[in-house]
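The values are calculated or read from the model by the stated rules, or taken from the named source; none is laboratory data. As the structure is a prediction and not an experimental result, all values here were calculated from the model. Note: ideal-geometry Cβ built from the backbone for every residue, glycine included; neighbour counts use all protein chains shown. Each accessible area value is taken on the protein alone, full model and side chains, heavy atoms only, with ligands, DNA and RNA left out. Shrake-Rupley method; radii C 1.70, N 1.55, O 1.52, S 1.80 Å.
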Amino acid sequence: AIFTALVSGKSCRGDRRDSAKEHEVAGCPAYEILGLSLVDGILVEADGIPIHAVESDDDENTEGGFSATDEESSASVTAVERLAIDDIVLANKLKWTCPGESSEGRTCSAPGKNSRCTHSSYGTSNAESMADLEDMIGPNVDGGLIFTLKVLPNDYNSKGENNLKILSSKDYNVKAKIPKARRKMPFPITSNDFYNSLHRIGSSMGENDEAEDEEGYGDLWDRNARSITAYKSKEASPPRWLFTGVINGWPGLPMPLEVLKITGREPSFIGRHAKGWSTLWDCEKDGKFGGKAPYDCKIASEEKGLQVKVKLRASQWSAHGWSQSSPGFVYWVEGQHVGGKVNPPLTVTYGTNLISRFKCPEEEDIVSTRVHMISHRYATGGRVETQKEKLTYHSLVLLEWNHKKYCSVVEIGFLNGLGGYKCKSSWYADKDSEESSLYVAYPPEMVSPWKETMSEIRVHDVPYADLNAFLGFMKKYDGHKGRFVDTSVNFSHDVRLTYRSRRNVATYLLNYIRRDTTYSQMKRNCQTFAADLCGFLAGKKDVQPYHPVNQIQYTGQKHKFLYESSAY
(Lines give C-alpha, C1' and ligand atoms only; values in the text may rest on other atoms or scores of the structure.)
Protein backbone atom coordinates (compact mmCIF):
# COMPACT_ATOMS: atom_id res chain seq x y z
CA ALA A 1 0.00 0.00 0.00
CA ILE A 2 2.85 2.39 0.83
CA PHE A 3 4.56 1.69 -2.48
CA THR A 4 1.27 2.15 -4.39
CA ALA A 5 0.73 5.47 -2.68
CA LEU A 6 4.18 6.68 -3.69
CA VAL A 7 3.66 5.79 -7.33
CA SER A 8 0.08 7.05 -7.57
CA GLY A 9 0.50 10.09 -5.34
CA LYS A 10 -2.46 9.04 -3.20
CA SER A 11 -2.26 8.82 0.56
CA CYS A 12 -2.32 5.37 2.14
CA ARG A 13 -2.74 6.79 5.68
CA GLY A 14 -4.34 10.09 6.57
CA ASP A 15 -2.37 10.60 9.77
CA ARG A 16 1.15 10.14 8.39
CA ARG A 17 2.43 13.48 9.75
CA ASP A 18 -0.26 14.95 7.45
CA SER A 19 2.44 14.93 4.73
CA ALA A 20 0.85 12.35 2.48
CA LYS A 21 -2.52 14.09 2.82
CA GLU A 22 -1.00 17.42 1.85
CA HIS A 23 0.60 15.82 -1.20
CA GLU A 24 -2.75 14.41 -2.28
CA VAL A 25 -4.49 17.77 -1.91
CA ALA A 26 -1.77 19.47 -3.89
CA GLY A 27 -2.37 17.01 -6.70
CA CYS A 28 1.34 16.18 -6.77
CA PRO A 29 2.68 12.63 -6.39
CA ALA A 30 4.51 12.07 -3.13
CA TYR A 31 7.64 10.90 -4.88
CA GLU A 32 8.01 14.29 -6.62
CA ILE A 33 7.84 16.09 -3.28
CA LEU A 34 10.71 13.85 -2.16
CA GLY A 35 12.78 14.77 -5.20
CA LEU A 36 12.25 11.39 -6.90
CA SER A 37 11.19 10.50 -10.42
CA LEU A 38 9.30 7.58 -11.93
CA VAL A 39 11.27 5.96 -14.78
CA ASP A 40 9.89 2.80 -16.41
CA GLY A 41 7.91 2.07 -13.28
CA ILE A 42 10.97 2.39 -11.00
CA LEU A 43 11.43 5.18 -8.47
CA VAL A 44 14.82 6.82 -8.91
CA GLU A 45 16.66 9.74 -7.32
CA ALA A 46 17.62 12.87 -9.20
CA ASP A 47 20.83 11.31 -10.49
CA GLY A 48 18.98 8.27 -11.82
CA ILE A 49 19.94 5.90 -9.00
CA PRO A 50 17.09 3.54 -7.95
CA ILE A 51 15.84 4.00 -4.38
CA HIS A 52 16.82 0.46 -3.37
CA ALA A 53 19.43 1.70 -0.85
CA VAL A 54 17.17 3.76 1.40
CA GLU A 55 16.88 2.25 4.85
CA SER A 56 14.83 2.82 7.98
CA ASP A 57 16.04 4.82 10.98
CA ASP A 58 18.59 3.23 13.29
CA ASP A 59 16.39 3.87 16.35
CA GLU A 60 13.78 1.49 14.96
CA ASN A 61 16.31 -1.32 14.77
CA THR A 62 18.06 -1.22 18.16
CA GLU A 63 18.23 -4.96 18.68
CA GLY A 64 20.78 -4.57 21.47
CA GLY A 65 18.44 -2.41 23.54
CA PHE A 66 20.82 0.56 23.84
CA SER A 67 20.53 4.03 22.34
CA ALA A 68 23.56 6.20 21.62
CA THR A 69 23.77 9.21 23.92
CA ASP A 70 26.38 11.19 22.05
CA GLU A 71 24.99 13.50 19.37
CA GLU A 72 27.68 12.39 16.96
CA SER A 73 26.97 8.70 17.39
CA SER A 74 23.95 8.77 15.06
CA ALA A 75 23.34 10.92 12.01
CA SER A 76 20.62 13.57 12.13
CA VAL A 77 17.58 13.13 9.88
CA THR A 78 15.44 15.95 8.54
CA ALA A 79 11.66 15.75 8.34
CA VAL A 80 11.74 15.27 4.57
CA GLU A 81 14.39 12.53 4.88
CA ARG A 82 12.28 10.87 7.57
CA LEU A 83 9.24 10.82 5.27
CA ALA A 84 11.37 9.38 2.47
CA ILE A 85 12.73 6.67 4.73
CA ASP A 86 9.35 5.70 6.17
CA ASP A 87 7.52 5.66 2.84
CA ILE A 88 10.23 3.89 0.83
CA VAL A 89 11.28 1.21 3.29
CA LEU A 90 8.91 -1.24 1.63
CA ALA A 91 10.23 -0.36 -1.81
CA ASN A 92 13.70 -1.23 -0.51
CA LYS A 93 12.53 -4.82 -0.20
CA LEU A 94 11.61 -5.02 -3.89
CA LYS A 95 15.17 -6.13 -4.76
CA TRP A 96 17.10 -4.61 -7.60
CA THR A 97 16.65 -6.55 -10.82
CA CYS A 98 19.18 -7.01 -13.59
CA PRO A 99 18.56 -5.24 -16.90
CA GLY A 100 16.86 -7.53 -19.39
CA GLU A 101 16.24 -10.28 -16.83
CA SER A 102 14.17 -13.14 -18.22
CA SER A 103 10.80 -13.96 -16.66
CA GLU A 104 12.03 -17.14 -14.99
CA GLY A 105 15.20 -15.42 -13.77
CA ARG A 106 17.66 -17.60 -15.69
CA THR A 107 19.44 -14.91 -17.70
CA CYS A 108 19.93 -11.16 -18.05
CA SER A 109 21.41 -8.88 -20.70
CA ALA A 110 24.49 -7.83 -18.69
CA PRO A 111 25.74 -10.73 -16.53
CA GLY A 112 28.65 -9.90 -14.24
CA LYS A 113 28.40 -6.13 -14.71
CA ASN A 114 26.94 -5.36 -11.28
CA SER A 115 27.84 -6.58 -7.81
CA ARG A 116 24.23 -7.65 -7.23
CA CYS A 117 23.83 -9.55 -10.50
CA THR A 118 23.73 -13.29 -9.76
CA HIS A 119 23.35 -14.53 -13.33
CA SER A 120 25.85 -16.78 -15.05
CA SER A 121 27.13 -16.58 -18.61
CA TYR A 122 28.53 -19.48 -20.62
CA GLY A 123 29.60 -20.10 -24.19
CA THR A 124 30.72 -16.53 -24.84
CA SER A 125 33.93 -14.52 -24.60
CA ASN A 126 34.54 -10.81 -24.08
CA ALA A 127 37.86 -11.08 -25.90
CA GLU A 128 37.84 -10.09 -29.56
CA SER A 129 40.38 -12.72 -30.58
CA MET A 130 42.49 -15.57 -29.32
CA ALA A 131 45.41 -13.14 -29.12
CA ASP A 132 43.37 -11.07 -26.66
CA LEU A 133 42.74 -14.16 -24.55
CA GLU A 134 46.45 -14.97 -24.56
CA ASP A 135 47.28 -11.46 -23.36
CA MET A 136 44.63 -11.67 -20.65
CA ILE A 137 45.78 -15.00 -19.20
CA GLY A 138 49.47 -14.10 -19.39
CA PRO A 139 52.39 -16.54 -19.22
CA ASN A 140 51.90 -20.19 -18.33
CA VAL A 141 53.30 -19.98 -14.81
CA ASP A 142 52.10 -20.91 -11.34
CA GLY A 143 50.90 -18.28 -8.89
CA GLY A 144 47.34 -17.41 -9.93
CA LEU A 145 44.31 -18.18 -7.78
CA ILE A 146 42.93 -21.71 -8.09
CA PHE A 147 39.23 -22.50 -8.56
CA THR A 148 37.34 -25.77 -8.95
CA LEU A 149 34.14 -26.75 -10.76
CA LYS A 150 31.70 -29.60 -10.27
CA VAL A 151 30.51 -30.69 -13.73
CA LEU A 152 26.90 -31.86 -13.67
CA PRO A 153 25.37 -34.23 -16.25
CA ASN A 154 23.18 -32.35 -18.68
CA ASP A 155 20.19 -34.35 -17.45
CA TYR A 156 21.01 -33.90 -13.76
CA ASN A 157 17.51 -32.51 -13.06
CA SER A 158 15.49 -34.60 -15.53
CA LYS A 159 13.71 -36.45 -12.69
CA GLY A 160 12.73 -33.32 -10.77
CA GLU A 161 14.16 -31.40 -7.87
CA ASN A 162 13.78 -34.33 -5.49
CA ASN A 163 15.94 -36.69 -7.59
CA LEU A 164 18.88 -34.58 -8.68
CA LYS A 165 22.09 -36.19 -9.87
CA ILE A 166 25.22 -35.11 -7.96
CA LEU A 167 23.75 -31.71 -6.99
CA SER A 168 22.21 -31.27 -3.54
CA SER A 169 18.59 -30.11 -3.49
CA LYS A 170 19.54 -27.15 -1.27
CA ASP A 171 21.74 -25.87 -4.11
CA TYR A 172 18.96 -26.05 -6.73
CA ASN A 173 16.79 -23.16 -7.92
CA VAL A 174 13.39 -24.78 -8.45
CA LYS A 175 11.88 -21.80 -10.30
CA ALA A 176 14.69 -21.25 -12.79
CA LYS A 177 15.59 -24.99 -12.92
CA ILE A 178 19.30 -24.23 -12.58
CA PRO A 179 21.84 -24.47 -9.73
CA LYS A 180 21.47 -21.71 -7.16
CA ALA A 181 23.83 -18.81 -7.66
CA ARG A 182 26.99 -18.17 -5.66
CA ARG A 183 27.56 -21.59 -4.17
CA LYS A 184 30.89 -22.48 -2.58
CA MET A 185 33.59 -24.37 -4.47
CA PRO A 186 33.45 -26.57 -6.40
CA PHE A 187 31.01 -24.41 -8.38
CA PRO A 188 28.21 -26.38 -10.10
CA ILE A 189 28.06 -26.17 -13.91
CA THR A 190 26.47 -28.44 -16.51
CA SER A 191 28.62 -30.40 -18.92
CA ASN A 192 27.44 -28.49 -21.98
CA ASP A 193 27.98 -25.11 -20.32
CA PHE A 194 31.52 -26.06 -19.34
CA TYR A 195 32.72 -27.49 -22.63
CA ASN A 196 30.97 -24.81 -24.72
CA SER A 197 32.88 -22.12 -22.79
CA LEU A 198 36.37 -23.44 -23.62
CA HIS A 199 38.72 -21.73 -26.05
CA ARG A 200 42.09 -22.90 -27.29
CA ILE A 201 45.08 -20.63 -27.65
CA GLY A 202 48.35 -21.78 -29.19
CA SER A 203 48.76 -24.69 -31.57
CA SER A 204 48.66 -28.43 -31.22
CA MET A 205 51.97 -30.27 -31.14
CA GLY A 206 51.50 -31.65 -34.63
CA GLU A 207 50.92 -28.19 -36.01
CA ASN A 208 53.97 -26.81 -34.20
CA ASP A 209 56.26 -29.63 -35.35
CA GLU A 210 55.21 -29.36 -38.96
CA ALA A 211 55.56 -25.57 -39.00
CA GLU A 212 59.01 -25.74 -37.47
CA ASP A 213 60.23 -28.25 -40.05
CA GLU A 214 58.97 -26.06 -42.89
CA GLU A 215 60.68 -22.96 -41.51
CA GLY A 216 63.93 -24.74 -40.60
CA TYR A 217 63.30 -24.89 -36.86
CA GLY A 218 62.96 -28.65 -36.54
CA ASP A 219 66.29 -28.93 -34.71
CA LEU A 220 64.84 -26.98 -31.81
CA TRP A 221 62.47 -29.82 -30.99
CA ASP A 222 63.91 -32.25 -28.43
CA ARG A 223 62.00 -35.43 -29.28
CA ASN A 224 63.55 -37.50 -26.53
CA ALA A 225 62.60 -35.08 -23.78
CA ARG A 226 59.26 -34.39 -25.49
CA SER A 227 59.57 -30.66 -24.95
CA ILE A 228 59.97 -27.61 -27.10
CA THR A 229 63.20 -25.78 -26.35
CA ALA A 230 62.48 -22.68 -28.40
CA TYR A 231 59.78 -21.09 -30.48
CA LYS A 232 59.88 -18.79 -33.38
CA SER A 233 56.87 -16.71 -32.27
CA LYS A 234 53.81 -16.64 -30.01
CA GLU A 235 51.85 -18.51 -32.68
CA ALA A 236 54.13 -21.51 -32.15
CA SER A 237 53.39 -21.77 -28.42
CA PRO A 238 51.89 -25.01 -27.11
CA PRO A 239 48.10 -25.25 -26.74
CA ARG A 240 46.34 -24.00 -23.64
CA TRP A 241 42.65 -24.30 -22.90
CA LEU A 242 40.86 -21.33 -21.37
CA PHE A 243 37.42 -21.01 -19.81
CA THR A 244 35.55 -17.71 -20.21
CA GLY A 245 32.24 -16.56 -18.81
CA VAL A 246 30.56 -15.78 -15.49
CA ILE A 247 30.58 -18.90 -13.32
CA ASN A 248 27.68 -19.58 -10.94
CA GLY A 249 26.81 -15.88 -10.68
CA TRP A 250 30.21 -14.81 -9.26
CA PRO A 251 31.15 -11.64 -11.21
CA GLY A 252 34.54 -11.32 -9.51
CA LEU A 253 36.15 -14.53 -10.77
CA PRO A 254 39.11 -13.25 -12.84
CA MET A 255 38.60 -14.37 -16.43
CA PRO A 256 39.87 -16.18 -18.37
CA LEU A 257 40.70 -19.28 -16.33
CA GLU A 258 43.11 -21.91 -17.61
CA VAL A 259 42.01 -25.54 -17.38
CA LEU A 260 44.71 -27.47 -15.51
CA LYS A 261 43.14 -30.83 -14.76
CA ILE A 262 39.90 -32.78 -15.13
CA THR A 263 39.30 -35.63 -12.68
CA GLY A 264 36.51 -38.16 -12.26
CA ARG A 265 35.28 -40.87 -9.94
CA GLU A 266 32.49 -43.41 -9.86
CA PRO A 267 29.45 -42.26 -7.87
CA SER A 268 29.10 -45.63 -6.11
CA PHE A 269 30.15 -46.19 -2.50
CA ILE A 270 33.29 -48.05 -3.62
CA GLY A 271 34.10 -45.33 -6.14
CA ARG A 272 33.75 -42.57 -3.57
CA HIS A 273 35.51 -44.25 -0.67
CA ALA A 274 37.91 -46.79 -2.19
CA LYS A 275 38.88 -45.87 -5.75
CA GLY A 276 38.67 -42.11 -5.35
CA TRP A 277 39.47 -39.51 -8.01
CA SER A 278 41.48 -40.35 -11.12
CA THR A 279 42.86 -37.99 -13.76
CA LEU A 280 40.86 -37.83 -16.99
CA TRP A 281 42.81 -34.99 -18.63
CA ASP A 282 45.93 -33.05 -17.66
CA CYS A 283 47.06 -29.82 -19.31
CA GLU A 284 50.70 -30.92 -19.45
CA LYS A 285 50.54 -34.63 -20.18
CA ASP A 286 47.43 -34.73 -22.35
CA GLY A 287 47.13 -31.15 -23.55
CA LYS A 288 50.64 -29.85 -24.16
CA PHE A 289 52.39 -33.07 -25.11
CA GLY A 290 49.57 -35.45 -26.01
CA GLY A 291 47.73 -33.07 -28.31
CA LYS A 292 44.39 -33.94 -26.69
CA ALA A 293 41.62 -31.48 -25.98
CA PRO A 294 39.54 -31.48 -22.77
CA TYR A 295 36.58 -32.54 -24.90
CA ASP A 296 38.23 -35.93 -25.40
CA CYS A 297 37.24 -37.06 -21.90
CA LYS A 298 33.68 -35.76 -22.14
CA ILE A 299 32.06 -38.73 -23.87
CA ALA A 300 33.88 -41.34 -21.79
CA SER A 301 32.98 -39.70 -18.50
CA GLU A 302 29.33 -39.35 -19.51
CA GLU A 303 29.08 -42.97 -20.67
CA LYS A 304 30.50 -44.20 -17.36
CA GLY A 305 28.38 -41.79 -15.36
CA LEU A 306 31.41 -40.36 -13.55
CA GLN A 307 31.39 -37.47 -11.14
CA VAL A 308 33.65 -34.85 -12.70
CA LYS A 309 35.68 -32.01 -11.18
CA VAL A 310 37.77 -29.41 -12.98
CA LYS A 311 40.75 -27.48 -11.63
CA LEU A 312 41.32 -24.02 -13.13
CA ARG A 313 43.94 -21.34 -12.58
CA ALA A 314 43.56 -17.59 -12.99
CA SER A 315 46.24 -15.25 -14.30
CA GLN A 316 49.24 -14.64 -12.05
CA TRP A 317 48.08 -11.11 -11.13
CA SER A 318 44.92 -12.50 -9.47
CA ALA A 319 46.96 -13.52 -6.39
CA HIS A 320 47.93 -9.89 -5.78
CA GLY A 321 44.78 -7.81 -6.33
CA TRP A 322 41.24 -7.55 -7.64
CA SER A 323 42.42 -6.19 -10.98
CA GLN A 324 45.64 -6.21 -12.95
CA SER A 325 45.78 -2.41 -13.12
CA SER A 326 45.38 -1.82 -9.36
CA PRO A 327 47.20 -4.49 -7.32
CA GLY A 328 46.87 -4.77 -3.56
CA PHE A 329 44.10 -6.37 -1.47
CA VAL A 330 43.22 -3.15 0.37
CA TYR A 331 39.99 -1.24 -0.08
CA TRP A 332 38.72 2.01 1.44
CA VAL A 333 35.03 2.94 1.72
CA GLU A 334 34.18 6.66 1.80
CA GLY A 335 30.89 8.52 2.11
CA GLN A 336 29.82 8.56 5.75
CA HIS A 337 30.51 11.60 7.92
CA VAL A 338 29.21 13.30 11.05
CA GLY A 339 25.80 14.89 10.45
CA GLY A 340 25.44 13.34 6.98
CA LYS A 341 22.61 11.39 5.40
CA VAL A 342 21.49 8.06 6.76
CA ASN A 343 23.00 5.37 4.51
CA PRO A 344 24.53 7.80 1.98
CA PRO A 345 25.93 6.72 -1.41
CA LEU A 346 29.33 5.16 -0.81
CA THR A 347 32.53 5.05 -2.82
CA VAL A 348 34.80 1.99 -2.79
CA THR A 349 38.39 2.33 -4.00
CA TYR A 350 40.89 -0.50 -3.92
CA GLY A 351 44.53 -1.32 -4.58
CA THR A 352 47.09 1.16 -5.80
CA ASN A 353 44.27 3.39 -7.10
CA LEU A 354 44.05 4.62 -3.50
CA ILE A 355 47.32 6.50 -3.93
CA SER A 356 46.04 8.52 -6.86
CA ARG A 357 42.61 9.05 -5.27
CA PHE A 358 44.11 10.51 -2.11
CA LYS A 359 46.69 12.62 -3.92
CA CYS A 360 46.46 16.28 -2.94
CA PRO A 361 48.73 19.10 -1.71
CA GLU A 362 50.32 18.09 1.57
CA GLU A 363 48.77 20.96 3.50
CA GLU A 364 45.27 19.92 2.37
CA ASP A 365 45.54 16.26 3.32
CA ILE A 366 43.91 15.12 6.55
CA VAL A 367 46.17 13.79 9.30
CA SER A 368 45.62 10.87 11.68
CA THR A 369 45.79 11.97 15.32
CA ARG A 370 44.76 9.04 17.56
CA VAL A 371 44.86 5.25 17.17
CA HIS A 372 42.85 2.71 19.20
CA MET A 373 42.62 -1.08 19.34
CA ILE A 374 39.11 -2.41 20.03
CA SER A 375 38.22 -6.08 20.50
CA HIS A 376 34.89 -7.89 20.69
CA ARG A 377 33.24 -11.25 20.19
CA TYR A 378 30.60 -11.73 17.53
CA ALA A 379 26.92 -12.01 18.43
CA THR A 380 25.32 -15.42 17.92
CA GLY A 381 21.76 -14.25 17.32
CA GLY A 382 20.60 -15.47 20.72
CA ARG A 383 21.84 -19.08 20.58
CA VAL A 384 24.29 -20.43 23.15
CA GLU A 385 27.95 -19.77 22.34
CA THR A 386 30.26 -22.68 21.63
CA GLN A 387 33.52 -22.96 23.55
CA LYS A 388 35.44 -21.82 20.46
CA GLU A 389 33.20 -18.78 20.05
CA LYS A 390 33.83 -17.79 23.66
CA LEU A 391 37.54 -17.65 22.88
CA THR A 392 37.24 -15.98 19.48
CA TYR A 393 37.71 -12.20 19.50
CA HIS A 394 37.87 -9.83 16.57
CA SER A 395 40.23 -6.87 16.86
CA LEU A 396 39.99 -3.67 14.83
CA VAL A 397 41.88 -0.39 14.69
CA LEU A 398 40.02 2.91 14.95
CA LEU A 399 41.78 5.95 13.49
CA GLU A 400 40.79 9.49 14.44
CA TRP A 401 41.53 12.34 12.02
CA ASN A 402 42.25 16.00 12.67
CA HIS A 403 39.12 17.23 10.85
CA LYS A 404 36.75 15.33 13.23
CA LYS A 405 34.33 14.62 10.36
CA TYR A 406 34.66 10.85 10.63
CA CYS A 407 36.82 8.05 12.00
CA SER A 408 38.15 5.08 10.02
CA VAL A 409 37.80 1.43 11.00
CA VAL A 410 40.81 -0.57 9.80
CA GLU A 411 40.77 -4.37 10.00
CA ILE A 412 42.05 -7.48 8.27
CA GLY A 413 39.98 -10.53 7.39
CA PHE A 414 39.46 -13.37 4.92
CA LEU A 415 40.00 -12.39 1.31
CA ASN A 416 36.56 -11.54 -0.15
CA GLY A 417 35.03 -12.05 3.27
CA LEU A 418 32.55 -9.24 2.59
CA GLY A 419 32.24 -9.52 -1.19
CA GLY A 420 31.29 -13.17 -0.83
CA TYR A 421 28.74 -12.37 1.87
CA LYS A 422 26.58 -9.67 0.24
CA CYS A 423 28.77 -6.98 1.85
CA LYS A 424 27.13 -7.34 5.27
CA SER A 425 29.43 -5.10 7.29
CA SER A 426 28.83 -4.42 10.98
CA TRP A 427 29.92 -0.79 10.56
CA TYR A 428 26.76 0.25 8.69
CA ALA A 429 23.25 0.72 10.05
CA ASP A 430 21.73 -1.06 7.04
CA LYS A 431 23.83 -4.22 7.42
CA ASP A 432 20.77 -6.47 7.50
CA SER A 433 19.11 -4.84 4.50
CA GLU A 434 18.68 -7.08 1.46
CA GLU A 435 20.72 -4.59 -0.55
CA SER A 436 22.86 -2.49 1.74
CA SER A 437 24.50 0.75 0.65
CA LEU A 438 27.87 -1.02 0.67
CA TYR A 439 26.54 -3.83 -1.54
CA VAL A 440 25.27 -1.26 -4.03
CA ALA A 441 28.66 0.49 -4.15
CA TYR A 442 30.84 -2.63 -4.32
CA PRO A 443 32.74 -3.15 -7.59
CA PRO A 444 31.69 -6.44 -9.24
CA GLU A 445 35.31 -7.59 -9.58
CA MET A 446 35.45 -7.76 -5.76
CA VAL A 447 32.46 -10.13 -5.46
CA SER A 448 34.01 -13.60 -5.23
CA PRO A 449 33.87 -16.51 -2.79
CA TRP A 450 36.04 -15.91 0.26
CA LYS A 451 39.37 -17.64 0.77
CA GLU A 452 40.21 -18.46 4.37
CA THR A 453 43.94 -18.79 3.69
CA MET A 454 44.31 -15.31 2.17
CA SER A 455 43.60 -11.86 3.59
CA GLU A 456 42.38 -8.39 2.69
CA ILE A 457 42.61 -5.10 4.57
CA ARG A 458 39.34 -3.17 4.90
CA VAL A 459 39.02 0.51 5.74
CA HIS A 460 35.56 1.96 6.42
CA ASP A 461 34.97 5.63 7.18
CA VAL A 462 32.31 5.79 9.91
CA PRO A 463 30.28 8.91 10.92
CA TYR A 464 31.74 9.41 14.38
CA ALA A 465 34.19 12.11 15.43
CA ASP A 466 36.10 10.21 18.10
CA LEU A 467 36.41 7.03 20.15
CA ASN A 468 33.55 7.84 22.55
CA ALA A 469 31.08 8.45 19.74
CA PHE A 470 32.10 5.23 18.02
CA LEU A 471 31.72 3.23 21.23
CA GLY A 472 28.20 4.68 21.50
CA PHE A 473 27.43 3.08 18.14
CA MET A 474 28.84 -0.27 19.27
CA LYS A 475 26.87 -0.12 22.52
CA LYS A 476 23.71 0.37 20.51
CA TYR A 477 24.24 -3.07 18.95
CA ASP A 478 25.58 -4.77 22.09
CA GLY A 479 24.46 -8.26 23.07
CA HIS A 480 23.93 -11.60 21.39
CA LYS A 481 20.85 -10.32 19.61
CA GLY A 482 22.84 -7.38 18.28
CA ARG A 483 26.30 -7.44 16.70
CA PHE A 484 28.99 -7.09 19.37
CA VAL A 485 29.68 -8.95 22.62
CA ASP A 486 32.19 -8.12 25.36
CA THR A 487 33.58 -4.99 23.68
CA SER A 488 36.76 -3.53 25.15
CA VAL A 489 39.35 -0.90 24.27
CA ASN A 490 42.79 -2.51 24.55
CA PHE A 491 45.09 0.28 23.37
CA SER A 492 44.88 4.04 22.80
CA HIS A 493 47.67 6.44 21.88
CA ASP A 494 48.56 9.48 19.84
CA VAL A 495 49.81 8.81 16.32
CA ARG A 496 53.49 9.75 16.45
CA LEU A 497 54.63 9.09 12.89
CA THR A 498 56.02 12.08 11.02
CA TYR A 499 54.16 11.09 7.84
CA ARG A 500 50.64 10.20 8.93
CA SER A 501 48.27 11.62 6.31
CA ARG A 502 45.49 9.58 4.76
CA ARG A 503 47.62 8.97 1.66
CA ASN A 504 50.52 7.86 3.86
CA VAL A 505 48.28 5.43 5.75
CA ALA A 506 46.98 3.95 2.48
CA THR A 507 50.56 3.44 1.32
CA TYR A 508 51.51 1.68 4.56
CA LEU A 509 48.55 -0.68 4.28
CA LEU A 510 49.37 -1.53 0.66
CA ASN A 511 52.98 -2.28 1.58
CA TYR A 512 51.83 -4.57 4.41
CA ILE A 513 49.33 -6.65 2.43
CA ARG A 514 51.44 -6.92 -0.72
CA ARG A 515 54.35 -8.34 1.23
CA ASP A 516 52.20 -11.10 2.67
CA THR A 517 48.63 -11.99 1.61
CA THR A 518 48.24 -15.04 3.85
CA TYR A 519 45.75 -15.47 6.69
CA SER A 520 46.24 -17.78 9.67
CA GLN A 521 44.06 -18.19 12.75
CA MET A 522 47.15 -18.40 14.93
CA LYS A 523 49.96 -16.41 13.32
CA ARG A 524 48.46 -13.76 11.02
CA ASN A 525 44.95 -12.59 11.77
CA CYS A 526 42.90 -9.59 12.86
CA GLN A 527 44.54 -9.43 16.29
CA THR A 528 48.14 -9.64 15.06
CA PHE A 529 47.41 -7.02 12.39
CA ALA A 530 45.83 -4.66 14.94
CA ALA A 531 48.90 -5.03 17.18
CA ASP A 532 51.23 -4.36 14.25
CA LEU A 533 49.34 -1.26 13.08
CA CYS A 534 48.85 0.25 16.54
CA GLY A 535 52.49 -0.28 17.46
CA PHE A 536 53.64 1.16 14.14
CA LEU A 537 51.48 4.31 14.20
CA ALA A 538 52.09 5.02 17.90
CA GLY A 539 55.78 4.13 17.88
CA LYS A 540 55.36 1.55 20.65
CA LYS A 541 57.25 -1.75 20.68
CA ASP A 542 55.30 -3.59 23.38
CA VAL A 543 51.84 -3.73 21.74
CA GLN A 544 50.50 -7.30 21.80
CA PRO A 545 47.47 -9.08 20.28
CA TYR A 546 44.45 -8.96 22.57
CA HIS A 547 43.98 -12.63 23.46
CA PRO A 548 46.72 -14.64 25.23
CA VAL A 549 46.30 -17.48 22.70
CA ASN A 550 47.37 -15.17 19.87
CA GLN A 551 50.26 -13.81 21.91
CA ILE A 552 51.99 -17.21 22.06
CA GLN A 553 53.27 -17.26 18.47
CA TYR A 554 53.12 -13.53 17.78
CA THR A 555 56.12 -11.92 16.12
CA GLY A 556 55.74 -8.26 15.23
CA GLN A 557 55.68 -7.40 11.53
CA LYS A 558 55.64 -3.59 11.80
CA HIS A 559 58.51 -3.27 9.32
CA LYS A 560 56.24 -4.48 6.51
CA PHE A 561 54.34 -1.18 6.56
CA LEU A 562 57.45 0.78 5.62
CA TYR A 563 59.06 -0.77 2.60
CA GLU A 564 57.99 -0.76 -1.03
CA SER A 565 56.52 -4.21 -1.60
CA SER A 566 57.40 -4.38 -5.30
CA ALA A 567 61.09 -4.28 -4.35
CA TYR A 568 60.82 -7.75 -2.76
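Loop-located GluC sites (Glu not before Pro) in segment 357-412 (DSSP state not H, G, I, E or B) with no more than 16 neighbouring Cβ atoms inside 10 Å: E385. Among the trypsin sites (Lys or Arg not before Pro) in segment 303-369, those placed in a DSSP loop whose Cβ has at most 15 other Cβ atoms within 10 Å are K359.
Close amide H partners of N490, meaning residues 5 or more places away or on another chain with modelled amide H under 5 Å apart, are M373, I374, S375.
Sorting 542-550, 134-142 by their mean Cβ neighbour count within 10 Å, with the most densely packed peptide first, gives 542-550, 134-142.
Considered as an equivalent ellipsoid built on the Cα gyration tensor, segment 260-369 has semi-axes of 52, 19, 11 Å, the largest given first.
Quantify how much of the Cα-Cα distance distribution of segment 311-374 extends past 19 Å, in percent.
56
Computed from phi, the 3J(HN,Hα) profile of segment 461-473 under the Karplus parametrisation 6.51, -1.76, 1.60 (θ = phi - 60°) reads 6, 10, x, 9, 6, 8, 4, 4, 5, 5, 5, x, 4 Hz, with x in place of Gly and Pro. Of the trypsin sites (Lys or Arg not before Pro) found in segment 518-564, those that fall in a DSSP loop while having at most 11 other beta-carbon atoms within 10 Å are K541. Assign one of three labels to segment 376-519, namely rounded, prolate or oblate, based on the Cα gyration tensor with a ≥ b ≥ c the square roots of its eigenvalues; rounded applies when a/c is under 1.5, prolate when it is not and a/b is larger than b/c, and oblate otherwise. Rounded. Here the Debye sum runs over all C-alpha atoms of segment 474-568 as equal scatterers in vacuum, and log10 of I(q)/I(0) at q = 0.12, 0.13, 0.15, 0.17 Å⁻¹ comes out as -0.46, -0.53, -0.69, -0.85. A Cβ-based charge dipole, computed about the Cα centre of segment 373-427 with Lys and Arg at +1 and Asp and Glu at -1, lands at about 160 debye.
A viscosity of 1.002 mPa s and a temperature of 20 °C, combined with the Kirkwood radius over C-alpha pairs in the Stokes-Einstein formula, give segment 119-191 a diffusion coefficient of 147 µm²/s. Using the Cβ of G413 as centre and a radius below 12 Å, the other residues enclosed give a net charge of 0, where K and R count +1 and D and E count -1.
Pairs from the list K341/K451; K170/K309; K288/K451 with a Cα-Cα gap above 26 Å: K341/K451; K288/K451. The residue list Y195, N163, M185 was ranked by how far each Cα lies along the charge dipole of segment 140-204 toward its positive end, using unit charges on Cβ atoms, and N163 comes out on top. Per residue, the accessible area of segment 402-477 comes to 28 Å² when a 1.4 Å probe rolls over the protein heavy atoms.
For a paramagnetic label modelled at 7 Å from the Cα of Y499 toward its Cβ, which residues of segment 352-368 fall within the zone defined by backbone nitrogen distances under 13 Å? Counting only backbone N, you get 362. Maximal additional length on extending the V549-E389 stretch stands at 56.3 nm, based on 0.36 nm per residue less the C-alpha distance. If you wrap segment 355-444 in the convex hull of its Cα atoms and look at it from every side, the mean projected area works out to 8.3 nm². Modelled spin-label separation between V174 and S565, with each label point placed 7 Å from Cα along the Cα-to-Cβ direction: 4.6 nm.
Other residues with beta-carbon under 9 Å from the beta-carbon of G535 carry, at +1 per Lys or Arg and -1 per Asp or Glu, a net charge of +1.
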